[in-house]
Every structure is written in structure tokens, then in C-alpha cells.
1. Among residues other than ASN106 whose Cβ falls under 10 Å from its Cβ, what is the net charge (Lys/Arg +1, Asp/Glu -1)?
2. Pull up the cross-link candidates among the lysines for LYS227, meaning alpha carbon to alpha carbon under 19 Å and not fewer than 8 places away within one chain.
3. At a 10 angstrom cut-off on C-beta neighbours, averaged per residue, how do the peptides 42-54, 249-261, 229-241 rank from highest to lowest?
4. For the Cα atoms of the chain, what angle does the longest principal axis make with the long axis of helix 275-301, in degrees from 0 to 90, nearest 10?
5. For the chain, find the longest principal axis of its Cα atoms and tell me its angle to the long axis of helix 124-138, 0 to 90°, nearest 10.
6. Tell me which of SER204, SER193, PRO246 sits at the most positive position along the dipole axis of the chain, charges placed on C-beta atoms (Lys, Arg +1; Asp, Glu -1).
7. When the expected Rg is taken as 2.2 N^0.38 Å, what fraction or multiple of it is the alpha-carbon Rg of segment 1-82?
8. Please provide three numbers in whole Å: the alpha-carbon extents of segment 208-299 along the principal axes, with the largest listed first.
Amino acid sequence: MRVVSGIQPTGNLHLGNYLGAIRNWVRMQDELSEGSECLFFLADMHAISMPHDPAELRRGTIEMAAALIACGIDPTRSILFNQAQVPQHAELQWLLTGTARMGWLNRMTQWKDKAGKNREGASVALFAYPVLQAADVLLYQATHVPVGEDQKQHLELARDIAQKFNNDFASEEKPVFTLPDPFIPPAAARIMSLRDGSAKMSKSDPSEMSRINLIDDADTIMKKVKKAKTDPDPLPDNVEALEGRPEALNLVTIYCALTESAPEAVLAEQAGKGFGAFKPLLGEALVETLAPISSRFRALLDDREAIDAALARGAALARERAAPTLSATYEALGLVRG
Ligand code: TYM
């Protein structure tokens, strides 16, 4: 089993990232069997597909590394690095652009959302972004890719690219690429904004009140939960009755994910309560989960050398792991390298 996943080092790590992806990274790392391996990386090369400030990207990369370690990623057991330290990602991306089809990329919802009406003005990197993402996982023969629901389409594309490449350039007995499986947590695959139950919680939402950051202090968390949009009805006694109440459903989903309980059990206990009573419970569960992460994060930021060393070690290992697949790709394509 080889587990590979990445996160863009832009903005703060938020609750959606944590419950949708990072918590599973940590679990997979902790439950890994002999001979298996986890590679987790900061997708800094992806971050240049949108307008960005170089100084902020530099700072964000170090901060995100600290945040992942604070969440439980252990850089001595997992391979933790940033993409820019492992040039094979960009190299493989180019080799795969010969296989990826324009039509496939045109159908990507993230491309459509982020480019909006201004496709002519969007960067080439934004369009080609999913090919780099495919390279990220195919480079390491990933078998499992833990992500939130919003990344599913990109991983299906990675599978399509791998399959077409294997068909076109390799034999059935000796494929160049492994087809990766997305691993999406059923309960917290899509955490929504606290201000709008129909939009996902995201780093790019201009409203700070829309998301809980992993480094928010207890007062901020309580305030954000108190101000979270809800409806005037009390909690029902069954999950079906939350249909059509996206904000209420989101808060219940977050509570269940934090306390690792089934929605049926939570609703059986809380039925009839209004949000005035439920929100403090949710706030407390959030503080309990996030306070230790945030204090570890702050301590780590004071030890910049340790972070740099962890990333350098991870990058050296990643480059080693990447080498055989990259060579096999050049070879399969008939590219002469001496
Ligand atoms: P990114 O940086 O937007 O998000 C990192 C991870 O967090 C998950 N996530 C969520 N899950 C549930 N609810 C939410 N509201 C929510 N918001 C974010 C994402 O699904 C993701 O798992 N393109 C990727 C980074 C990437 C990558 C890769 C991932 C680059 N290469 C290769 C996997 C494999 C991205 O922008 O994720």
C-alpha cells in the first residue's frame, strides 16, 4: 500500500481540510502495515496557478508544514516534503500532457469554477493543474489517495491518464502506472461554510466567519459557532428530516465527525433542542479537538530549523522513490536520455 496526498499551502489549514483529509492522513500513517509507506506534500507548485504573493507562498509553505506536523503527521515515519523540492513532479507532468486530452480537462469543475467567465484570461497552469495532480500520485505508484469529495474528479482524471498511458505505451503485463484509488471519508467528505450551507468551507472564501481555522483560539471558535447561520427549528430526531436544512445538517455533521458518533445517535440525544443549546456543545467539541493542535503549531513555528530539516529529509526520500517511475516513463515514450 502506498498512500499519497497533498494540500495547497495557501491560507490557513481549516476544519474542512482537517476532517475531510488530514485526519485520515494521520490515521493511515498510524495504522500502516510493514512495507507500506505514506507520502504527504505541500502542493506549492499548484499554488502558482492563481495570482499569488511570493512572500506569502514562502511563509505559507513553512506554516502548512508546521500545521501538518501539529495535526499528527510524523516526518520520521511519513515522507513529508514540498513539491518544489522534488522536480520530478513537474517533469512527469510534462510527459503526461501528451496523454491527457483537452476535453477531459475542459470538463473539470474546479477549472470551470475558478476560471469563471474569464477563460481567456485564466492561466495555462490553472487549466493544466489536474495533470500535475495526476503526476503527483502516479509518480509514486500511489494505491490510496485520501482526499475530500471535491478532489474526486481530479483523481478520476488521474486514473484515466494512467489507463490511457498504459494502453498506449506499455504492455498489459508490465504497466508503467498503478491506478490510484481515492479514499474519501463518508462522514466528513464535504464540510460546508458556516455562512452558507450550499458552499464548501474553503480557504478562498473572503469571510473569516465562514470557516474555523485550526489555529483559531477558543474565543474565536465560540464566536464563529455562535454566529454560524442556522434556522429557527429545533433538531429533529432523524437524519432524513435534516434534508432541506443545509446549515443545520452541516453543524450536525461537524459535531458527529469531531465526536466520532453516528448522526442517528446524536439526534436521538439532542432532538427537540434549538441551536441556542446545541451550538455551545459544538463549540466545546471544536475547542477540545483544536486546542492541542494549535498549541503544538505555535511551538513548532519557533523551531524553523526543525521544519526545514524535516522537509529536506522528506524531499530526499521522495526524489529516490520518484526516480524509477520517471525513468520508466521516459523509456516508454521513446525519449533518449543517453
Ligand atoms: P486543497 O488544498 O484545496 O485541500 C486539501 C484537502 O482538504 C480537502 N478539503 C475538504 N474536505 C472536506 N470539506 C471541505 N470543505 C474541504 N476543503 C478541502 C480536499 O479535498 C483535499 O483533500 N488539488 C488539491 C491538492 C493536491 C492533491 C494532489 C491532493 C495537489 N496534488 C494529489 C491529492 C493528491 C487541493 O487543492 O486540495
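Rule-based calculations on the coordinates, nothing more; no lab input. Just so it is clear, the model here is predicted, and its values are computed rather than measured. Every residue, glycine among them, receives a Cβ derived from its backbone with ideal geometry; neighbour counts consider all protein chains shown.
1. +4
2. Within reach: LYS200, LYS203, LYS273, LYS279.
3. Values: 42-54: 17.3, 249-261: 19.2, 229-241: 14.0.
Descending mean neighbour count gives 249-261, 42-54, 229-241.
4. That works out to roughly 40 degrees.
5. Taking the Cα atoms of the chain, the angle to 124-138 is about 80 degrees.
6. About the Cα centre, the residue reaching furthest to the positive side is SER204.
7. Compactness ratio reported: 1.10.
8. That gives 44, 24, 19 Å along the principal axes, largest extent first.
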